[in-house]
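Notes for the one structure printed next.
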Amino acid sequence: MNAIEVKELYKSYDGVHAVNGITFEIGYGELFGFLGPNGAGKTTTINILCTLLKPTAGQAFIAGLDVSRESDKIREHIGLVFQETTLDNELTTFENLLFHAYLYGMGRHDAVKRIDDLLSMIGLQSKKNELVKHLSGGMKRRLELIRGLLHKPRVLFLDEPTIGLDPQTRANVWGFIKEMKRAEGTTIFVTTHYIEEASDFDRIAIIDHGRIVAVGNPNKLINEMGRATVTFGATDGATVQTLIGHGMIESGSGEYQIKTEDPDLFLKQILNLSGLKINEFKIKKPVLEELYLSLTGSEIRDEYVDRPRKIRGHNR
Amino acid sequence: MKKLILPIYVITLRDLKKFFRQKSRLIGMIARPLTWLFLIGTGLNQVIKGGLGVSYIQFILPGILGMTILFSAMFSSISIVWDREFGFMKEILVTPVSRFSVAFGKIVSGMLVSTIQGIIIMAAAPFIGIRFTIFEALLLVVFIMVVSICIAAIGVFIASMIKSFESFNIIMNFIVMPMFFLSGAMYPISVLPRFMRYLMYLNPLSYGIDSFKHVMFVEFAHFHSDFSLLFDVVLMVAFTLVSTVLAAFAFDRQQKE
Ligand SMILES: Nc1ncnc2c1ncn2[C@@H]1O[C@H](COP(=O)(O)OP(=O)(O)O)[C@@H](O)[C@H]1O
Ligand SMILES: [Mg+2]
């Protein structure tokens with residue numbers, strides 16, 4: 001049994017398919033990334049898995065429990081950090097955490113100890129009795145992160161956890177997430193549109209227009225897509241003839257390209273030929289970003305603007 | 001059972017904590033009803049004289065008490081709209097706590113805030129010449145609590161039916177005003193034309209205010225109250241049960257998209 005199993009899941013809003021038939025599973029203890037541009041259906045998927053939204057069709061199981069029929073039990077086992085802030089600004093850091101712990105049935109003694117541990121791990125101990133409205137954006141994000149983990153969930157959902165954070169805080173957040181995964185074996189489902197963050201995840205799924213277009217280990221995915229491109233610049237007629245003879249294709253004026261699984265071997269073969277006048281050569285290996293772009297076909301925006309839902313719907 | 005009760009307590013505690021932290025709300029809560037009492041009471045005291053057996057300011061005290069409860073219990077459900085607006089409701093809904101507990105927690109916090117205000121009004125009674133025994137005071141507090149639960153539940157019901165702030169305020173004002181004037185707060189029910197009297201019979205606040213009159217004007221009760229005390233109590237309890245159940249289901253239903 002997997003931590004998460006999703007089978008042919010659909011969610012439509014008046015004809016718009018926010019989630020359009022996705023199937024995947026996540027093993028226990030995995031760090032799984034859900035990558036896709038804005039409006040791809042990431043948040044909708046999370047909301048269904050967290051029992052906040054009913055699917056239009058299909059099935060999903062968390063720890064073997066059916067999201068449509070056993071939502072109460074599922075809620076005991078999951079933690080969630082929403083895309084937007086969901087803290088009570090009028091309460092202190094400690095009060096927000098204690099409120100959460102109580103709602104999960106934790107006793108005061110256990111709760112206070114766990115709160116103190118997590119606060120010092122994430123570096124918020126000094127803000128314990130501060131009203132949340134006085135915290136910075138990064139602090140709020142970190143607070144939400146430890147709140148999501150307070151009750152030791154088996155599966156933690158993170159919806160764009162690093163959005164809008166400065167590089168230090170982002171590093172701090174990822175360090176903490178990976179530390180908790182290691183220490184407590186938490187299964188982590190995280191959505192992001194910062195692809196560079198996903199290169200060391202256990203597995204990723206790339207989602208676009210509500211469909212999964214690729215799923216697997218990020219390095220493997222790259223390798224599968226992944227023949228390297230060799231580019232030569234040459235103008236000399238004989239050289240060009242030889243390059244074309246070796247399967248290179250003109251890609252621009254004076255540029256010749258070949259895609260190959262073994263660029264080194266190709267280079268060796270070419271360089272062993274005599275009489276060539278090669279001006280330059282370069283090897284370009286694909287990175288995750290290219291894979292992502294080639295699959296989703298869209299640029300990734302750095303700044304996430306949560307446009308009104310209706311407008312987004314009509315943009316289709 | 002613990003799973004049902006504990007969350008109610010926690011949700012109530014949070015609302016109260018926030019309430020008492022907001023100084024302006026706290027002051028408003030004490031000042032508003034007292035201002036009403038003395039402004040309306042003193043003004044009309046001069047105009048309306050005789051025939052009632054009590055002075056007008058005394059006559060409207062149960063009504064002012066009812067009004068205080070009406071406003072504070074009804075509007076306390078605005079915290080549901082706030083929580084939804086600021087996303088905090090999602091944090092609550094994703095916990096294992098049952099939606100019924102959340103709705104009950106909101107009703108209980110509305111009830112407590114409103115009861116505290118009611119007690120403050122009660123404390124003004126001796127200053128305008130109304131006295132009651134300890135037993136009567138306790139009885140009054142019980143009635144205040146029952147009416148408060150009923151009104152708070154109606155508030156939660158309404159907050160669960162609407163989507164935005166604007167509609168909350170519009171609908172609340174649309175409901176609160178008629179409920180106040182058609183409750184026997186300002187004048188006895190018997191002076192009204194028949195169709196308005198029927199509306200008053202449908203108003204739970206009528207029975208609440210009537211029960212307050214029974215306790216506050218012990219000697220004059222036969223004259224000022226519109227129903228028997230037993231009838232008041234039965235109707236209040238019935239309204240309270242119905243509105244609480246409706247509120248719980250409406251809240252639960254709203255969360256299911
Ligand atoms: N409540 C809703 N009503 C109508 N359309 C919605 C609603 N929620 C999401 N959508 C649409 O579903 C699609 C996926 O949205 P979402 O899951 O939020 O994407 P992401 O989180 O990947 O940015 C978008 O096109 C969005 O406009
Ligand atoms: Mg999203």
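The values are calculated or read from the model by the stated rules, or taken from the named source; none is laboratory data. Since the model is a prediction, treat every value here as computed from it, not as a measurement. Cβ: placed from backbone, ideal geometry, glycine included. Neighbour counts: every protein chain shown.
Assorted remarks:
- Conditions (1) within 12 Å of ligand 1 (Cβ to nearest atom); (2) touching a residue at least 60 places away in the same chain (Cβ under 8 Å); (3) surrounded by 21 or more Cβ atoms within 10 Å (Cβ to Cβ); number of the one not met by A:Cys50: (1)
- Screening A:Gly216 on (1) surrounded by fewer than 18 Cβ atoms within 10 Å (Cβ to Cβ); (2) touching a residue at least 24 places away in the same chain (Cβ under 8 Å) shows it passes everything except condition (2).
- Single residue of A:Leu80, A:Leu118, A:Leu87, A:Leu91 found to be closer than 28 Å to B:Val102 by Cβ, at pLDDT 95 or above and more than 11 Å from chain B (Cβ to nearest Cβ): A:Leu118
- Residue satisfying all of: in the stretch A:101-115; within 14 Å of chain B (Cβ to nearest Cβ) and within 11 Å of A:Arg147 (Cβ to Cβ); surrounded by the most Cβ atoms within 10 Å (Cβ to Cβ) among these: A:Leu103
Yes/no per residue for (1) more than 25 Å from the chain's Cα centre (by Cα); (2) modelled with pLDDT under 90; (3) under 26 Å from B:Glu166 (Cα atoms):
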site	(1), (2), (3)
B:Met29	no, yes, yes
B:Leu65	no, no, no
B:Ile69	no, no, yes
B:Ala73	no, no, yes
B:Ser76	no, no, yes
B:Arg84	no, no, yes
B:Ile92	yes, no, yes
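- Residues that are of a type outside the set (S, T, N, Q), within 14 Å of chain A (Cβ to nearest Cβ) and outside any loop (DSSP other than H, G, I, E, B), drawn from the stretch B:234-257: B:Asp252, B:Arg253
- For beta carbons closer than 6 Å, sequence separation of 6+ or different chains, a first residue in the stretch A:35-47 that is of a type outside the set (Ser, Thr, Tyr) and a second that is within 8 Å of ligand 2 (Cβ to nearest atom), the qualifying pairs are A:Gly36/A:Lys42; A:Lys42/A:Thr191; A:Ile46/A:Asp159.
- Residue list for the stretch A:22-40, restricted to those being over 22 Å from A:Ile177 (Cα atoms) and at pLDDT below 95: A:Pro37, A:Asn38, A:Gly39, A:Ala40
- Test: residue in the stretch A:55-69 that is within 16 Å of ligand 2 (Cβ to nearest atom), in contact (Cβ under 8 Å) with a residue 12 or more places away in the chain and not aromatic (Phe, Trp, Tyr): no
- A:Ala60, sole failed condition from (1) more than 14 Å from every other protein chain (Cβ to nearest Cβ); (2) under 23 Å from A:Gly175 (Cα atoms); (3) at pLDDT 95 or above: (2)
- Among the candidates B:Leu39, B:Leu34, B:Leu26, B:Leu13, residue that is within 12 Å of chain A (Cβ to nearest Cβ) and of a type outside the set (Ser, Thr, Tyr): B:Leu13
- Tally of residues being acidic (Asp, Glu) and more than 11 Å from chain A (Cβ to nearest Cβ) across the stretch B:77-101: 1
- For A:Glu130, the stated conditions hold: it is farther than 26 Å from A:Thr51 by Cβ, of a type in the set (Asp, Glu) and surrounded by fewer than 18 Cβ atoms within 10 Å (Cβ to Cβ).
- Of residues in the stretch A:15-46 being within 15 Å of ligand 1 (Cβ to nearest atom), small (Gly, Ala, Ser) and more than 19 Å from A:Ile195 (Cα to Cα), the one nearest to the other protein chains (Cβ to nearest Cβ): A:Ala18
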